[in-house]
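Working notes, structure below.
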Amino acid sequence: MALVSIIVPVYNVEKYLEQCINSLLNQTMKDIEVICVDDGSTDSSSRILNEFSSRDPRVQVISKENTGYGDSMNRGIARAKGKYIGIVESDDYVLPDMFSSLLREAKRTGADVVKSNYHSFSESSGLNYEEILNGIPYHKILNPKDYEKIWKIIPSIWSALYRKDFLKKNGIMFHATPGASYQDVSFGYKVLLSTEKMVCVPEAYLCYRSDNENSSVKSTKKVFCIMDEFGEIKKYIRQKRLESMMPIILREQFTHYTGNYYRIDSIYQYAFLQRMREEFVQDYESGYADQSLWSESDWELLHQIMRNPEEYFESTNIDYLNKYKYKEYAINHCLPKIGAEKIIDSAERIIIYGAGMYGQKLLGKLSDKSKIIGFAVTSLKSDMPKEIQGIPVYGIQDLKGFHSEAVVLVAMKKVTQQPVLEVLKSYGFQSVISIDSI
């Protein structure tokens, strides 16, 4: 039986996969198993994995439909036979002594988690040592709750070794939300919340690729994923009765949210900011905001966003600054899913606002036309057709009864959408997607 099980989540990474797997099989420590979870890849990743598996029995392949990163990781951990768990992303690679060195430290200290620094690299640059653990004692058993700086470290869950029975005992799993991102965040914080025996080492063994354009963290459409992950963290805190840690989590939540605000597409920022405000007002009123843990600038920004998110939006959103003045931005923050396609697929009823070229082109893109109530226009005129391609045309006032159940797709040029969005807001429509190109 292998001592260390290394989980490798795989999705359409043919360009880098061989380098990753070879680096694992070339470890100085041979008592390992490499569990590759293929998340429905459509490139040659599946073939590459099967070739490795046929040559080396230490490579196991789990093939499944595309259900997302979190589900892949959970399935890999469930399959693992090793006493310890390692995680390696399929576009990264590791140095030959990574797992022998981390295992040696785990055995020496009896730690639940051994955490190392890492190297970053790209095709155009060499390895750059990233000492993310700078200022934290090395080679010493510590409780993360006693070291504030540990909570500020980026998750980097792949530069560590975990004792499997520690993960199992504490119910530490990934948040298995299809199509999501940031699922390493909730896993990383669950680990820090649960362990009292962590050891950090100064060396760097994992080589983190920074130039993969297909990396999910680079997607600008996964708007609310970071919020879903902190919802998962708070759920874990409640289950484990760790409410005393909420002030630290709230501070880190703010750092993640403000960083994500500038990462996402500007058209989604208003919706993101509104939901952000709601969450922080609720936690602030619950007494979880400890000013002593915050920098002065962040504390002031927190209050600005809670007090007047519109003001912050107007001073930071590039489209607003360019005078495209949306007050009800692209998607309503109450929508539970992310990305226009997923929202449309999950909608029970759909209204297409705009019966012109944009609306008609959009109709042709929708696969399920049975959900469509009709085209909507601001006001019906006598010369307008009663239906287009079999879809009836209504004045929007005639459809206001669907304000709570229908998703409205606003299909027109961006610069003409502001009055329409104001009309929809006045009628109480709760789910609105702004589409300015087809």
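In region 1-125, what is the count of Lys pairs whose alpha carbons are under 26 Å apart, counting only pairs at least 8 residues apart or on separate chains?
Taking the Cα cut-off of 26 Å, the pair count is 13.
Describe numerically, in nm with one decimal, the distance between label points set 7 Å from Cα along Cα→Cβ at S53 and at R349.
Output for this residue pair reads 4.7 nm.
Can you list the HN-Hα couplings for region 361-371, worked out from phi with the Karplus curve (6.51, -1.76, 1.60; θ = phi - 60°), rounded to whole Hz and with x for Gly and Pro?
Once θ is set to phi - 60°, the couplings for region 361-371 become 5, 4, 4, x, 8, 7, 7, 10, 7, 5, 7 Hz.
Pulled fully out, how much extra length does the chain show between D383 and K365, if you take 0.36 nm times their separation in residues and subtract their Cα-Cα distance?
Stretched fully, the D383-K365 segment lengthens by 3.8 nm.
In the Gaussian network model of the chain, springs joining C-alpha atoms below 10 Å, which of D146, D43, D71 carries the largest mean-square fluctuation?
D146
Excluding same-chain pairs closer than 8 in sequence, count the lysine pairs in region 155-284 whose Cα atoms lie under 18 Å apart.
Lysine pairs meeting both conditions in region 155-284 amount to 14.
Anyone know which of I233, I396, I87 comes out most mobile in the 10 Å Cα GNM of the chain?
I396
Which one, (1) 1.12; (2) 1.64; (3) 0.99, gives Cα Rg over 2.2 N^0.38 Å as derived from the coordinates shown?
(1)
Amide H of H175 versus every other amide H placed in the peptide plane: which residues, excluding those fewer than 5 positions away on the same chain, fall under 5 Å?
Placed amide hydrogens put F187 under 5 Å from H175.
Check which residues have an amide H placed less than 5 Å from A376's amide H, if you skip close sequence neighbours.
I352, Y353, G354, Y394
We did not get these values from a lab; they are worked out from the coordinates using the rules stated. The structure displayed is predicted, hence computed values, not measured ones. Virtual Cβ from ideal backbone geometry, glycine too; neighbours counted across all protein chains shown.
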